[in-house]
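The next block holds one structure in the form of structure tokens; read it before the comments.
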Amino acid sequence: MRGDDTVARMGGDEFTVILTNLENQLSTERIAQNILDKLSEPFHLGAEVVYITTSIGISVYPIDGDDVDVLLKNADQAMYTAKEQGRNRYHYFTSSMQDAALIRMHLSNDLRGAVTGSQFRLYYQPIVQLNTGNIYKAEALIRWQHPVRGLVSPLEFIPIAEDTGLIVEIGDWVFKEAVSQVIKWRHNEPNFQISVNRSPVQFRSNYKQNMHWIDHMLALDLPGNSICIEITEGLLLDARDAVISQLDSYSKAGIELSIDDFGTGYSSLAYLRKFSIDYVKIDKSFISNIHRGSSDMVLCEAIIVMAHKLGKKVVAEGIETQEQLDLLIAAGCDFGQGYLFSKPVIAGEFEKLVWGNASA
Ligand code: C2E
Ligand code: CA
Ligand code: CA
């Protein structure tokens with residue numbers, strides 16, 4: 001339990017745990033699983049070894065009730081379901097939550113096999129230089145071709161991969177794949193650059209393990225600026241020394257850094273100054289709402305001016321209409337990405353899109 005959680009004994013062998021400040025359902029499940037794991041370890045009582053099983057019922061405020069009595073009653077009912085289903089498990093009160101938890105559990109098991117079973121694909125979305133229309137950048141976006149479920153969105157499996165730590169392995173695969181692709185595309189366009197997303201978990205896991213991204217590029221004689229790493233603001237907010245030194249080593253190696261989803265978090269100018277960030281990516285939620293004079297338009301203009309003053313370039317994400325494009329060009333935005341230009345596509349289609357048949 002964390003410092004701000006509460007554990008109470010209700011009587012007999014029943015306990016209540018109150019969890020606050022939860023990021024998402026996944027954290028609830030992680031904690032429930034932790035409790036199950038810890039309590040399933042053998043207890044040594046004198047000369048005896050004792051095993052116990054645990055059944056957990058979960059109710060969630062406010063969906064499952066907005067007062068203590070109802071929440072407790074519903075958690076209790078969910079606990080009985082957990083017992084009925086064979087104990088040593090957790091169960092949600094609301095069945096849709098339980099269904100979602102089960103899907104996540106299965107996906108998390110399948111994810112292990114996906115890494116070794118080559119079930120991932122890397123798609124590429126062009127990043128267009130707005131004042132010329134030229135394309136010499138792309139963002140690499142992962143797809144999971146699940147043998148039964150078909151294409152699974154990264155929005156669904158990346159959080160699970162982060163939670164299980166598998167993101168490190170998956171992220172390394174993405175990076176290596178992007179590197180071999182950028183080597184090819186640099187034959188067509190010498191300045192070509194591919195952006196890869198890097199989760200905060202990848203920064204926090206084993207520091208040494210992360211270093212080989214640079215070694216890998218050095219070994220292939222690939223200049224640093226052929227890769228851009230997209231990070232989120234959250235990473236900078238609680239940046240520890242290990243994170244800062246990784247970011248430093250990336251920019252020393254010439255690898256460029258981009259802040260993803262800018263505008264959704266703290267949008268702090270201080271961080272842009274403190275770290276050597278090259279690009280700011282304005283989140284697509286702003287772009288989808290821009291019209292002449294709208295408040296999101298004003299915000300975009302402000303971000304662009306501010307970024308330029310600090311010597312950073314700006315990428316607008318999620319451009320879907322000509323109107324959005326025109327407004328962004330007028331505001332002096334440097335690069336754009338979105339369905340108006342192209343959806344993320346496989347490498348072969350990307351080549352057709354950008355270089356026609358010349359490179360095929
Ligand atoms: P993101 O980094 O913000 O990526 C942009 C997302 O916006 C992509 O979703 C892209 O397909 C989508 N998009 C692009 N243009 C448009 C548009 O015009 N309109 C709309 N509505 N959407 C657009 P996708 O590919 O589903 O990826 C979702 C998220 O999953 C990414 O968000 C990123 O956070 C994560 N992700 C994807 N690939 C990786 C990866 O290799 N590693 C890590 N750590 N995360 C990844
Ligand atoms: Ca991104
Ligand atoms: Ca983004």
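The values are calculated or read from the model by the stated rules, or taken from the named source; none is laboratory data. Keep in mind that what you see is a predicted model, and the values were worked out from it rather than measured. Using ideal geometry, Cβ is built from the backbone for each residue, glycine included, and neighbour counts are taken over all protein chains shown. Ligands, DNA and RNA are excluded from the accessible area calculation, which covers all protein heavy atoms including side chains. Shrake-Rupley method; radii C 1.70, N 1.55, O 1.52, S 1.80 Å.
Here is how the numbers come out for the structure above:
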item	result
Residues that are open to solvent by 10 Å² or more (accessible area, probe 1.4 Å) and in a helix (DSSP H, G or I), drawn from segment 328-360	329, 330, 347, 348, 349, 351, 352, 353, 354, 355
Given (1) outside any strand (DSSP E or B); (2) in contact with a helix residue (DSSP H, G or I) (Cβ under 9 Å, 6 or more places away or on another chain); (3) open to solvent by less than 60 Å² (accessible area, probe 1.4 Å); (4) within 21 Å of residue 337 (Cα to Cα), index of the condition residue 222 fails	(4)
Within segment 1-94, strands (runs of 3 or more DSSP E) holding 2 or more residues that are touching a helix residue (DSSP H, G or I) at 6+ places or on another chain (Cβ under 9 Å)	14-18, 55-58, 89-92
Residue list for segment 310-336, restricted to those being within 16 Å of residue 258 (Cα to Cα) and either away from ligand 1 (no atom under 11 Å from the Cβ) or among the hydrophobic types (A, V, I, L, M, F, W, C) (or both)	310, 311, 312, 313, 314, 315, 316, 333, 334, 335
Those residues of segment 112-144 which are within 19 Å of residue 164 (Cα to Cα) and assigned to a strand (DSSP E or B), in sequence order	120, 142, 143, 144
Check on residue 162, within 16 Å of ligand 2 (Cβ to nearest atom), open to solvent by less than 20 Å² (accessible area, probe 1.4 Å) and among the acidic types (Asp, Glu)	no
Residue in segment 282-294 that is part of a strand (DSSP E or B), within 16 Å of ligand 3 (Cβ to nearest atom) and among the basic types (Lys, Arg) present	no
Scope segment 268-287; condition within 16 Å of ligand 2 (Cβ to nearest atom) and either over 22 Å from residue 337 (Cβ atoms) or out of contact with any Lys or Arg (no Cβ under 9 Å at 6 or more places or on another chain) (or both); matching residues	281, 282, 283, 284, 285, 286, 287
Where a residue in segment 253-272 is on the phi > 0 side of the Ramachandran plot and its partner, wherever it lies, is assigned to a strand (DSSP E or B), with Cβ under 6 Å and at least six apart	261/232; 263/282
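Here's the yes/no breakdown for (1) away from ligand 3 (no atom under 16 Å from the Cβ); (2) at pLDDT below 85; (3) of a type in the set (Val, Ile, Thr); (4) farther than 26 Å from residue 344 by Cα:
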{"position": "218", "(1), (2), (3), (4)": "yes, no, no, yes"}
{"position": "228", "(1), (2), (3), (4)": "no, no, no, no"}
{"position": "237", "(1), (2), (3), (4)": "yes, yes, no, yes"}
{"position": "249", "(1), (2), (3), (4)": "yes, no, no, yes"}
{"position": "253", "(1), (2), (3), (4)": "yes, no, no, yes"}
